[in-house]
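Working notes for the structure below.
The values are calculated or read from the model by the stated rules, or taken from the named source; none is laboratory data. Because the structure is predicted, anything quoted here is derived from the model rather than measured. Every residue, glycine as well, gets a Cβ built from its backbone with ideal geometry; the counts of neighbours run over all protein chains shown.
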Amino acid sequence: MADTPVLYGYWRSTAAYRVRIALGLKGITWEHAGVNLVKDGGEQHQSSYRDLNPAGLVPALVWGDTVLSQSLAICEFLDEVRPEPPLLPAEPADRAVVRAIALDIACDVHPLNNLRVQQYLGREMDADEAARTRWMHHWMALGFAAVEGRLEARGAGGDLCCGPVPGLADLCLVAQAYNADRFGFSLAPFPRVARVVSHCRGLAAFRDAAPERQPDAD
């Protein structure tokens, strides 16, 4: 395998943001390859990128001869090839809870809020910016409420979703919180979620992965 993996992503992509955090938590040095999702109709649609990732989405991680896609699959791959520090807890029940929180975000919120959905709503459904924002806020509210409920059910009110080190649930939550901030959605009704987000944003791996700190940020 190559010494330095290459991450194809876009600075504002929350899915790529998750992987950047995971790489940082693992202490893995990586190279950035920008895929501009809005320039010239979106570089993700070009054949050169589609050959790499047929889904035409970011991120994609090239690790030696292996090309990986889907952010959660990439994160779990990183956890398997670099087990320390872990992104998932040791106990099966705790692992299931962490995966459930990650999926609350990655399956139930993010796909309904991402760029191609927003573009479709505007182009095909004649939804103006205000309507698209209402759409996003609706799904964010449901998703963050689900996570808040899971944390409450576990009696969690600390700085992390589960366990003594940040992991898969935390990186998904922080990445989604970026979108919440960007589109004016308040986390105030979700105090457990807000505490985790605030704490994690102060950690080096999360801070270095922030969208505005990426080389392609504009």
Selection from region 125-158 of residues that are outside any helix (DSSP H, G or I), modelled with pLDDT of 95 or more and surrounded by 14 or more Cβ atoms within 10 Å (Cβ to Cβ): A127
Residues located in region 90-124, provided they are surrounded by fewer than 20 Cβ atoms within 10 Å (Cβ to Cβ), under 23 Å from E76 (Cα atoms) and of a type outside the set (A, V, I, L, M, F, W, C): E91, P92, D94, R95, R99, D108, P111, N114
Subset tally (residues that are in a loop (DSSP other than H, G, I, E, B) and within 8 Å of the chain's Cα centre (by Cα)) for region 9-23: 1
Residue tally, condition under 15 Å from L7 (Cβ atoms), among the aliphatic types (A, V, I, L, M) and part of a loop (DSSP other than H, G, I, E, B), over region 54-85: 2
Selection from region 82-124 of residues that are aliphatic (A, V, I, L, M) and in contact with a Gly (Cβ under 7 Å, 6 or more places away or on another chain): L87, L88, V98, I105, V109
Residue in region 27-48 that is farthest from P166 (Cα to Cα), counting only those that are touching a helix residue (DSSP H, G or I) at 6+ places or on another chain (Cβ under 9 Å) and among the polar types (S, T, N, Q): Q46
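May I ask you to verify whether A33 is small (G, A, S) and assigned to a helix (DSSP H, G or I)?
On the way: small (G, A, S): yes; assigned to a helix (DSSP H, G or I): no.
No, not satisfied.
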Condition check for L37: farther than 26 Å from V117 by Cα and either buried (at least 19 other Cβ atoms within 10 Å of the Cβ) or modelled with pLDDT under 95 (or both): no
Failed criterion for N53 (all others in (1) out of contact with any helix residue (DSSP H, G or I) (no Cβ under 9 Å at 6 or more places or on another chain); (2) under 18 Å from P111 (Cα atoms) hold): (1)
Checklist (1) within 25 Å of A169 (Cα to Cα); (2) surrounded by fewer than 19 Cβ atoms within 10 Å (Cβ to Cβ); (3) within 18 Å of the chain's Cα centre (by Cα) applied to D79, failing item: (2)
Filter result (touching a Ser or Thr at 6+ places or on another chain (Cβ under 7 Å) and outside any loop (DSSP other than H, G, I, E, B)) within region 159-198: A175, Q176, Y178, N179
Test: residue in region 39-53 that is within 27 Å of W139 (Cα to Cα), of a type in the set (A, V, I, L, M) and outside any strand (DSSP E or B): no
Whichever residue in region 3-26 is of a type in the set (A, V, I, L, M, F, W, C) and either closer than 15 Å to P166 by Cα or in contact with a strand residue (DSSP E or B) (Cβ under 7 Å, 6 or more places away or on another chain) (or both) and, among such residues, is surrounded by the most Cβ atoms within 10 Å (Cβ to Cβ): V19
